[in-house]
Structures are given as C-alpha cells and as structure tokens.
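The values are calculated or read from the model by the stated rules, or taken from the named source; none is laboratory data. Just so you know, these numbers come straight off a predicted model, no measurement behind them. Cβ coordinates were reconstructed from backbone atoms using ideal geometry, including for glycine residues, and neighbour counts include every protein chain displayed. Heavy atoms of the whole protein, side chains included, go into the accessibility calculation; ligands, DNA and RNA do not. Shrake-Rupley method; radii C 1.70, N 1.55, O 1.52, S 1.80 Å.
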Amino acid sequence: METTTADLDLPPHAGLPRAAARTVRLTKTYGRADTAVTALDGVDLAFEAGRYTAVMGPSGSGKSTLLHLLAALDRPTSGAVFLGDTDVSSLSERALTRLRRDRIGFVFQSFNLVPTLNAVENITLPQRLAGRRPDRAWLDRVVATVGLGDRLRHRPGELSGGQQQRVAVARALAGRPEIVFADEPTGNLDSRSGGEVLGFLRASVDEDAQTVVMVTHDPGAAAYADRVVFLADGRVASELTDPTAERVLDALKRLEVRP
Amino acid sequence: MIGVALANLRSAPGRLIATALAIVLSIAFVTGTLVLTDTIDASFADAFGGGGAADVTVRGQAAFGDDLERPGVDPALAEVVAGVDGVAAAEARYAAPVAFTGPDGAAVSNPGPPTTAVDVPTVAALATVELRDGRLAAAADEVALAAAAAEEQGVAVGDAVTLALDGAARDLTVVGTFGGPDGAEVVDGTTALFDDATAVAELGAGGAASIAVLAADGADVPALRDAVARAAGDGVDVVTGDELAAETTAAFGTVLDYITVALVGFAGVSLLVGAVLIFNTFAITVAQRTRELALLRAVGAGRGQVLTAVLVEAGVIGAAGSAAGFGVGVGLAAGLLAVLEAVGFPLPAAPLQVLALTPVVAVGLGVAVTLVSAVLPALAATRVPPVAALQAVAAPPVRRPGAARVLPGPRAGARDAGHDAVHASGLVLLAAGVAALAWGLVSDPAALPAPRLAVIGAGALGVLAGTGVLTPVLVRPLVGLLGAPVAAARGLQGQLARENALRNPARTAATSAALMIGLGLVSFALVFASSLRASVTATLEEQFRADLQVQGASFGPPVTLPEEVAGVVAAVDGVAVASVAREADVGVDGVAREQTPGDPPTIAPVLSVAVVDGDLADLDGGVAVASGVATDLGLAVGDDLPVQWRPDADPEPVRIVALYEQSGLPFGGGVGQLVVAAERLLAALPEVAPTGVLVAVADGAGVADVRADVETALADYPGAVVVDSQEVLDEVTATINQILVLIGALLALSVLIALFGIVNTLSLSILERTREIGLLRAVGMLRTQVRTMIRWEAVLVAVLGAVLGVGIGVLFGWILQLALAGDGLSTLSLPWLQLVAAFVLAGVAGVLAAVVPARRAARLDVLRALSI
C-alpha cells in the first residue's frame, strides 16, 4: 500500500493506533537569516507503539535530523516532539537527559560503546547512570537473545564490529525503553553481522512489542521494518507498509526522479 | 610544508593555546626558580661574604682555624704599616657586636647575620657605607644607624635609642642613617657607626678589630701584602681583600653549600617538571593529529617533509611560548619575594637576580624540549601506514596488559619491546640507587670514594629517577587501589574516573610526576625539619638539665658576657647552681678541638655528660675527652693528652681523667670534644670570657619567679638574655621554620605548575574523548555526572602524585636522618599531620584542576560530540 503526504495531513491521533512518538509541524533550520538551511520543514509523523519503522531518504533529506529531534538529542526550531504524552521540546536539559536515559534506547552507526567498560557494563550503563539495579532476568534474556553469553566480560576493543553492535542493541533493549532509535545500525557491518543486528531489532518488536525507529539508506535493512517513511527536502515524501527490498528500491527511485 | 605548518598554527587555536600554555607555564617555572635561587644565593653570599673596601687587612691570628673569633690588633701597628712602600693609607678599624634593646631593656635577638657597631674610617676610600640622611656621629652620645635597621626599629634622625654594646646599655641619639654603596642596603651586618674616638673607647677593649690598608695606585696587592706582613711582625695575619672575601665565604661555605645544592636541586626539578609538562602536551596533540599527518602522507608528502612541518610548528610555538614564559617567570619570582617580605620573611638582600644566562637557559630549554617533544610522537605517527591512520580514529585503544588483543600487529610488539627496555632501565636505576644508598649508609665513610653525603645523594637521585621511569608500571596497581573506594562511593562515574586515569598509564604517570616531585621535596623537608626538632628536643631534655640559661643576645658566633654576670646570677635567691660556660678552641694533635662548658663541680646539675670511663668529679687539673677523639688518638684514661692552648704555644700534656659519649645538638652546640675545669682553662687562657651561665633552680623555688628575679638582677646588662629550654627549642624551631618557608615558596611554585599541568592534560584528554563523552551524554549521563567523573579522575591523578611523592619524601627523610644520626639528627619524627595535609592538598588541587575541564566536558553539545 502506498499513500501520499496529503493522506497523512491529519490531526494527531486521528485513526491511528497509540503513538509511541509523534511530531507536530516539526521544523529545524540551521544557520541564520540568509544562509539558513531548512533540514526539516513542518513534519507531522506518528510512530505507532510496537511497530518497527524505517526512515529513508537521500542525503540531506532530513532523516538524521528527524531522528536526533525524536531522540531528544537536539531541539526543534519550531513545532513539537511528543514521546508518549510528554512534550519533549518543553523539557529542560536535565529532564531531556533523564528522558534519554530512562525512556529511550540508542543504537548508533559506530562508536556505540564506552571503551573502558566491558560488555555487560556497557549494556547496563543507562540503568547504572540512573542508580538502578538492572532487572536480572530481563538482562539475561536480552543477553541470551543477542548471543553474547561468553563475551560479557570483554571490553569493546576485544570484540569484533558485529559483536560490538550486538552489545549496543542489548544496551538499547536492556532498559525496556518506550522506544529504540537506531541510526544506520548496520552501516559499518558486513551483511551477515548486519542481518543479525536487524534480526534482533525485529525480534524485539515481534516478541516484546518494542517500538523501533531506524534511519537507514539500505533497502535491505528497511525491509525488516513494518513501515518505511521516505523523506525528501525536509518533508515526508511517501510511505510504505510491509516493505520488501524491491519495493523500497522502487520507492527510492521514484523519489530521485521527482522534480 | 612550512606553509602547512604555519597554516596549522592559525587553524587550530584550541590545541595551539593548550600547547603554548604548557610551554609558558613550564618555562615560567624554570625561570622563576632560577631567578629565585640566584637571588637567594646572592643574598646569602652578600650577607656572609662582604669583603670590605681595604686592599690589604691586618688582623689577629685565628685560634685553630676559627675565623670568626680572632684576638684584636694593636692599633699602633697602623702607623708601622702606613710606612710600608706602596701603602697609601692604613687605619685601625674597630668593631664589636651590638644589639638593639627591647621595651623591657633586654637586648633583642636578631636572626640574620651578626650585627656589628664600627667606627667611621677617616680615610674616605675605606668606607663601605654611604650616608642616607643626617650626618655621621661626632660625639660620644651620638650614633648613625643602618637605614634598614632604623626603619625596622621605628627610629629616625633625632630620636633617642638604646644599644646593648658588649653587654652594657648605652643611651644614644640618632644623628644619621646610612646604607651600602650605590643605594643598596647594608648587607654585612654593619648596624651602628660611632665616631672614631668613641669607637676606640667603646669598641676597642681588645684592641682594634683590624688594620685596613689602602694600596697606592698601581701597587701590586699580593706583594704589598707580603711587605705589610714583614713590617707587622709575628702574631698577626695579613690578607688581601680578595682573600678575605673568599675566606669569609668559605667560613659559611657549609651553609652556602647546603643552600646552593638545595637550590640547584630545585632548579633541576623545575627543568624536569617543565620538560614533562611540555612532552606530555605534545604527546597528546601530535597523537590527535595522526590522521591529519597520515593524510599529508597519503597525498604525497614524504616523512621528512611531515617531520619538517611538525618541527617548524614546534619551533615557532616553542620560541614564542618560552619567551613569554621567561617574562612570566621573572614576574612570578618578584611576586613570591614580595609575598615572602609581606608575611615577614624578607630575604637578607633584595635586588632580583636575573643573570644573563637565565633567559638563555630558559628559552633554549623551552625550544629544545618542545622540538624533542613534538618530534618523537610525530616520528611515531609517520611510521603508521597512511591507509591505516586514515581509517576512523576514535579514542585511542585501551591497552590492557594481559588481556588478548584483537589485532596483534607487529607494531604492538615493537612498542612493547621498547617499553620493556625503558622499564628495565628504570629497574637498573632503582637498583643502583638503592645500592648506592645502602653503601653510603652502611660502610665506613673512610672507605667511600666520595663524601658520604654525596654517595647517599647520588643514591637518592637514582631512586628518584628510577621511580620516575617506573611510574607507568606503578600507575595500574596504585590507581586501581586508590580508585576502588572512589568506584564504590561514586558508582559508575567513579568507576569511569578510575578507568580513564588508567587508560593511558604513561600519560597519567607524567601528569602526576610534577606533583610527585613537588610533594616529594615538601615531605622530605617536612620529615627533616620534624626530625631535627625532635632530635633537638630529645637532646635538650636529655642533656640540658639547666632550668634557665643566661646567654649573649645574638645569632651566629657566641657573644661573650661580662665576667661579673655569673656572680650576679649566683647571688639571686632561688638559684641553686650557676655554672659558667666558657668556650675556646685549643689544639690537639694539630687539629682544632672545641672545648666546652665546664666547671665540673657545678656542671652535673645543669648538663648531663654521658661518662663512659673515669669520673668527671676527678677532673681537677685534668681533662675529659670525647671517646671518639680518644679512640682516634689511641689514648685512654690515665694517658696524657697533648694540648696546645695557643697556636704559637708548645703542646702541654694534660692527664685524661674521663671519657664521655659526645652527643651534641644537630649542627653544633652542646658538649664539645674536651671538657676542662674552668681554673685550668683560665690559667692557660685568661682572656676566655663566659659565653653563658647555666642555672639550676633550687628545690621549691618557681622557675618563673627565679627567672624574673634573674632578669631584674641583670637589668644593667642588656646584652645578657635569660632563656629557658623551651625558648632554646623555639629558637631552633624558628630557624627551621624560616628555612621551610623558603622551601615552601619554591614548592608553591612547583605545585602551582603541577596543577596547571593536570588542567592542561585533562583538557586535552577530554578533547580526545569528546565522542565518548557525547555517547555517555546521549545514553543519559547528566551534566553533574560528567563533572563528577572528570573531577574524580583529576583527584586520582593528583593523589597518585601525592602517594608517590610523600612515599619518596618520607623515605629520603628517613635516609637522611640515618645518614646524619651521628651528627645529632638522632631521632626520626614523621609529621603525620602535615603529611596527611599533603594528601588533602593534592585532593583539593585535583578538584580545582578539574573545574574548567569538567565544565567544558559537561557543556559539550551532544550531537556535535557524537559526530566528531
């Protein structure tokens, strides 16, 4: 199924399942006055709870900016970001940090881990920053899922790239966050390791109703998602549900030929 | 490539500032230390080495090499000498110790060079002072004072002043003030000038102090000296001005040597600290640029070209930073001197000594260290294949010895081999140092190829250098240990602080080295001072049983008391024993032997002498000898000791009646090497005046009451001061404290520099870890938690320096105490409170050092940090 931006121009909540996160007229510009660049231009998007959403688009489309704003790593120029019912854009710096710690999970493209901490310490990092004891049973399950059992006491420098990303996924899931954001999580991995990482994210959605939002430029990665949102020039260009790699590729081609 | 280098300087201001700051600080420290040490050195040399204006001086013959005490000269010799060919003028000069009196009429003891009253020379060319205000004294009740002394006493021209002169008080009117030549202060202790006639009457009791001779123009001074010596005849000593100056300096040689060695040590330490700081900074900044250098290589620059670029850049920064550092250093030294003066510890003489060599050493060192520091890491960087270095370089890998490395390349192996060689050399240094220490401490001094202290000092240096080289190895266990409570108390932030301090042991070691060296010297000085005080206390308690002591008011050579003082004291109610102390040097076997207090019938209640053979009560006309002296001479009780009472007299056999263990006060004082009954001494040397009266208070009488009575009885003798053993101790303590303040000033400088060293290294480390901090912030580390993490890292580095420094300092203090145990430093005392304070200080320094870097890290923009 394919829809256009016009179909999405609806009031928030209207006709959609509960949104784990949504944006309202979200706009971000960089620089000032005459040299200003608009990265996001009034984007309204909702990310349903318990679904796996991929965000795609050419370079400069604003997909990374969208992810950063959703993940409370940056503040919008105008508009708002809601995480659940919390208006993220109204929060103080301290509250934002707590929000990231307690309600959000992250998987970055690279350099996900603190080199001085071992795997399990990296996995439990957010909980320990919060001064909480990790849920042992849940932790064991996450660790077992990503298959790190015998590597838990190793430091990142002693792990392969694929193993490092698995630790990152485990960290993102260990705190049972409301939403997990992944920024090109397979960008630095070979296809097998990448497939494993995407599989773990998929499994977390299927088995534990985790909400995942992932930015990627790889149609194969996007095919793991339930829904793909395409951005172009800071706006939502189109969208796809139940994607396959071929359909994503087609959609991307159509984006490129658009005037 | 030079263009690239200069472009670099312009384009990376942050890194440039950090590097330049490190150089400025280091060179400022080196310059400050050099200027301070030169100034202190010069002021001491001036204070003790004033040669006077005379070309040739005729003086009394020294008794057995004691240059400070000489008999007077017959003033009539001046006329005889004046007749010698080539003599333009000859004049008898008079001098005597003088002291100001306090409000209670007693003389004020004055720490510093001995103060003297002299006459005004009639021959203008012989004058060593210049009039500042008023006029010179012309009558018996007039006096001119040194301007600085007058200011200190709060008297001006026209005021009345009371001076204690040779034990008697004199009321005088100040008619003028004077200073040294060319506007300087008087540095040789000359405090009061009398007119010639008064000086002859007041200062000339023992004859003239000397005959000052002015050579005619063009006269050959050494020849003139010989001619004068022939004319003056036997019984006097004739020296040239240069010889006199050299001799006076030599007389205080040991003091000056100690001071000079200590100061040179500080200067050396400052060079080391400065070099470490600069090297450290470059190790980080050039490592950060590995990628950039690799890019240059990838686009076709040769290794030589890359190195040239780095060298040019380093040379420019080095020269500019060093020049600025030199300026800052001179300012620092001037500031510290001002602070010293403000808190009441003025140096004897003040003009700031900036020697011509200082800027050469400072800037030369700055540039040289900068070049070496920049080239070594750059060389390592150019060895990395360009392709490898161009790949994403995040934070440097964490090296964990023992753990398996993912990518064990040949490079890692080569580097480990290099490290092993360095560690081996550290072990060799340490072992050699320990061996030299043990050798110096244990073996017979005579069997050593060099003076004992030199061997021990070399050993200590070896231990220090070895520890410095080995510190990176010590970092892991020590920081692991110190960090354990931090990790326990501060949770994840504490754990990260510890891990960050551990991630580059060499850098942590180098950063803490500055503090280690500074605090090492502080604690060494503290242990030494504390042990000195404890030893003095122990000796005083053990030996000086006297409740009170009457002594001449002065610092330096003992001042004699009028003969009748003993009788006055003895007559006071409540005085049980008043034992007169007389000191003289006599010759035994051609060597000067100090002979001390002793009137055996009265000595026992006031002075404890540890007799090992014979009995002091049998002394009579005989002599008691220190057992060490007797052993050297192969003599025992019952043998005759050949005593040469005067240099020109034949030895006279004196029966040895007792041997005793000599355990004097540290660095002189206490019981000498011979004890002779007063009667016997005075029969041979009638002119030996009392140097003190040791008083035992009668049972039942209050010491304080008796003291007040004694002071009242001595009202007419302002030169006589009554002290109790606590005051003797206080005096020693005051001297020690003064030395500690000087050391403290230099060390304040080194701790300050160490602090900035931590700030600088920490800032650069944080720059290096920007991305990691971004990640931590992204996954939920609060700003306060970032600050906590960095603060504790700084505290750990600082406390590491304190642990090593205090450890080494205490060890060295203990070694010095062992080495000097025979010289009176008999007790080891550890000043726990101050040592603990050193740790607290280090911790506080760490917290302070972390303020700026921690704030900067906490304020990092998360997204920008993540995208670096």
Residues of segment A:48-63 with amide nitrogen under 19 Å from the 7 Å Cα-to-Cβ point of residue A:202? A:50-56
Place the peptides B:612-622, B:751-761 in order of packing, highest mean first, counting for every residue the other Cβ atoms within 10 Å and averaging per peptide. B:751-761, B:612-622
Quick check: with the 1.4 Å probe, what order do B:832, B:439 take by accessible area, largest first? B:832, B:439
How much area per residue is accessible in segment B:719-868 when the probe is 1.4 Å and only protein heavy atoms are counted (Å²)? 37
Each label sits 7 Å from Cα toward the beta-carbon; between residue A:133 and residue B:741 the label points are separated, in nm, by 5.9
Cut-off under 5 Å, modelled amide H: who pairs with residue A:105 long-range: A:179, A:180, A:181
Take peptide A:106-115, look around each residue's Cβ out to 10 angstrom, count Cβ atoms belonging to other protein chains, and average those counts. 5
Taking r as the C-beta separation of residue B:712 and residue B:563 and R0 as 22 Å, the FRET efficiency to the nearest 0.05 is 0.65
Over all residues in A:93-100, what is the mean tally of Cβ atoms on other chains that come within 10 Å of each residue's Cβ? 4
Given a 1.4 Å probe, the accessible area of segment A:149-204 per residue, as a whole number of Å², is 37
Can you give the FRET efficiency for residue B:79 and residue B:130, using 1/(1 + (r/R0)^6), R0 = 35 Å, r = Cβ-Cβ distance, to the nearest 0.05? 0.80
Estimated FRET transfer efficiency when R0 is 60 angstrom, pair residue B:17-residue B:428 (beta carbons, to 0.05): 0.95
Note down the nm distance, to one decimal, between modelled labels 7 Å out along Cα→Cβ at residue B:303 and at residue B:173. 8.8
Anisotropy class of segment A:207-259 from Cα gyration tensor, a/c 1.5 cut: prolate
What ranking do B:194-203, B:302-311, B:26-35 get when scored by the average of other Cβ atoms within 10 Å per residue, highest first? B:26-35, B:194-203, B:302-311
Computed over the Cα atoms of segment B:793-868, what is the convex hull's projected area averaged over all directions, in nm²? 6.6
Quick one: which of A:22-29, B:16-23 comes out on top by average Cβ neighbours within 10 Å, and what's the full order, highest first? B:16-23, A:22-29
Counting only other chains, what is the mean number of Cβ atoms within 10 angstrom of the Cβ of each residue in peptide A:120-127? 3
Report the accessible surface area buried between chains A and B, summing both sides, using a 1.4 Å probe on protein heavy atoms only, in Å² rounded to the nearest 100. 2700
Once you have all Cα-Cα distances for segment B:679-834, histogram them in 5 Å bins from zero and send the whole-percent values. 2, 6, 8, 11, 10, 9, 9, 8, 7, 6, 5, 5, 4, 3, 3, 3, 1, 1, 0, 0
For a test of the definition: using alpha carbon positions, the gyration tensor, and the 1.5 limit on a/c, classify chain A as rounded, prolate or oblate. prolate
Round to the nearest 10 and report in Å² the accessible area of residue B:635, as given by a 1.4 Å probe over the protein chains' heavy atoms. 40
Does any residue of segment B:829-868 lose at least 30 Å² of accessible area with all protein chains in place compared with its chain alone, and if so which ones (probe 1.4 Å)? B:863, B:866
For residue B:864 and residue B:618, compute 0.36 nm times the residue count separating them, minus their Cα-Cα distance, and round to one decimal in nm. 79.2 nm
